[in-house]
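Below is one structure, written out as structure tokens; comments come after it.
The values are calculated or read from the model by the stated rules, or taken from the named source; none is laboratory data. If you're wondering where the values come from, they're calculated on a predicted model, not measured in any experiment. Cβ sites come from the backbone with ideal geometry, for glycine too, and all protein chains shown count toward neighbours.
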Amino acid sequence: MVNAIKGMFISCDIPMAQFIINYNASLPASHRFIIHILDNTHMFVQPHVADMIRNAISEFREQISYEKPT
């Protein structure tokens, strides 16, 4: 019997993959979304979390952005 799981494939660089893995680990066990980590730059996640991941990345980028004071 074959078990199939619907998901979303993510391909990114190593630092972004580590960010996503750490973000997943910071969530309660019932809300974790990574199905399988394929290698350092590829992972398979639940499809309903695409917007949540994009928002987390956007917030992270805003936090680390530097604006020169005027």
Exercise for review: Those residues that are touching a Phe, Trp or Tyr at 6+ places or on another chain (Cβ under 6 Å) and touching a residue at least 40 places away in the same chain (Cβ under 8 Å), I need them from the stretch 1-45; list them, please.
Suggested key: Gly7
Practice item. For the stretch 57-69, state whether one or more residues are surrounded by 11 or more Cβ atoms within 10 Å (Cβ to Cβ), without any contact (Cβ under 8 Å) to a residue 60 or more places away in the chain and under 10 Å from the mean Cα position of the chain (by Cα). Key: yes
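For (1) assigned to a helix (DSSP H, G or I); (2) modelled with pLDDT of 95 or more, each residue gets a yes or a no:
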{"residue": "Ile5", "(1), (2)": "no, no"}
{"residue": "Gln18", "(1), (2)": "yes, yes"}
{"residue": "Asn24", "(1), (2)": "yes, yes"}
{"residue": "Met43", "(1), (2)": "no, yes"}
{"residue": "Ala50", "(1), (2)": "yes, no"}
{"residue": "Ser58", "(1), (2)": "yes, no"}
